[in-house]
1. How long are the semi-axes of the ellipsoid equivalent to segment 316-397, from square roots of 5 times the Cα gyration tensor eigenvalues, in whole Å, largest first?
2. Could you go through segment 25-31 in sequence order and give the Karplus-derived ³J(HN,Hα) for each residue, using 6.51 cos²θ - 1.76 cosθ + 1.60 with θ = phi - 60°, rounded to whole Hz, and x for Gly and Pro?
3. Taking the DSSP beta bridges in the chain as the whole, what percent of them are antiparallel, to the nearest 5?
4. What does the highest-first list of 335-345, 255-265 look like by mean Cβ count within 10 Å?
5. What does the highest-first list of 37-44, 127-134, 181-188, 321-328 look like by mean Cβ count within 10 Å?
6. Across all directions of projection, what mean area in square nanometres is found for the Cα convex hull of the chain?
7. Averaging over every viewing direction, what projected area does the convex hull of the Cα atoms of segment 201-310 cover, in nm²?
8. Using only Cα atoms and rounding to the nearest 10 degrees, what angle (0 to 90) does helix 380-395 make with the longest principal axis of the chain?
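Where a number appears in this text, it was derived from the coordinates with a stated rule and is not lab data. As the structure is a prediction and not an experimental result, all values here were calculated from the model. Note: ideal-geometry Cβ built from the backbone for every residue, glycine included; neighbour counts use all protein chains shown.
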Amino acid sequence: MPPVPSAVLAPTAGVLRPRAEALVPAFRRDLAALVGIDSGSHSAAGVDRAGDWCAQRLAEIGLEVERVPTPLSDGSAFGGVVVGRLRGTGRRRILLFAHLDTVFADGAADARPYREDAGRAFGPGVCDDKGGALAGLYAARLLAESGWTDFAEIVIALTPDEEIGSPASGAILADLARGMDAALCLECARENGDLVIARKGVADVRIDIRGRAAHSGVEPHRGRNAAVEAAHLLLDVQSLSGARPGLTVNIGVVSAGERTNVVPASARLLGEVRAARLADLEWALAAIEARAAATVIDGVSAEVERMAVCPPLEPDATADVFAAAAAVGAELGIAVAGAATGGVSDANFVAATGTPVLDGLGPIGGDDHAESEWLDLASVADRVALLAGLVVRIAAG
């Protein structure tokens, strides 16, 4: 049988905006509570405390809540993924996702407790990404309280390890994204209010150089200097930066040898490649590997390891959802613009599944990862209404 249409008309922008405004005081109280929980990426207990708090709120709204553990093959574990599901009577499935981990160590919440000043909220993780996670909860609350159910399923996923590249939750999030009609990333909007329509991909690389040790005074001719090869490699690899539009290469760590009187037998370069297009990222990695295979110092070899590769979020993946967001923004009287950024988010991994995605749908904020991190409280009602209205529009097709 086909789905039964909702008996309640879809809430319009004119309905959503005042309802979102009425929820702002509660949002601020909840933001203070969530920011007050230390949840650094490597603190599984802290992230799980934040997850417990969010799971309770999701259940109160009426979502079915599941906790997905994140053990790794080496026996380590991060906090769990919180997954909330709101089931409806329509056809379309929509994923909202945010992360609960921060870059701050335990004790940050006590050292810099939540505070408000001149219309802004401050505290560890207030913008990145606790404000975004709460925007998802409050958009779901708006829709649940409206009685409108003309969607198949709204899924909210809150992950524990985005700040360190999602080693444990990336595959879980990708599985959730597959088959969704759209996915909405709740990283906060740019400081000027822009949504994020593109993000560079990034690959971490390690280049190990092997030579031969020798006494630098007695028989230096028997040595094969890995440090000299590393110097040539560094310059050649670094020269790839800018070779294609938006391509950047950075060798950030260089190491070689242990003693001044020994020809160094080994060296290592650690770097990253960022590119706006997957083709350019792959081209640069192949160029680095080709250069490493053609060493210039006789008797020295080099090997490249791709330590981690995150594909870019390309504009083609966001175009349709961004157009829908712009239309909802027009109804709300919010100017919606898009921006590209060099930073990575979980939206990169979701886009790789082929699911249409849009990023930056949390409230406006800035100074991520700094003690001055802030969130614009005046943007909360607009962004919650925009998010809820976008879900409605996607559900309508």
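1. On the way: eigenvalues 93, 72, 20 Å².
Its equivalent ellipsoid spans semi-axes of 22, 19, 10 Å.
2. x, 5, 4, 5, 5, 5, 4
3. Numbers: 52 of 72 bridges.
So the antiparallel bridges in the chain amount to around 70 percent.
4. Working: 335-345: 16.8, 255-265: 15.1.
Most protected by this proxy first, the peptides run 335-345, 255-265.
5. On the way: 37-44: 22.1, 127-134: 29.4, 181-188: 27.2, 321-328: 20.4.
Top to bottom by mean Cβ count within 10 Å: 127-134, 181-188, 37-44, 321-328.
6. 22.0 nm²
7. Working: hull surface 25.2 nm².
Computed as one quarter of the Cα hull surface, the answer is 6.3 nm².
8. That helix lies at roughly 90 degrees to the long axis.
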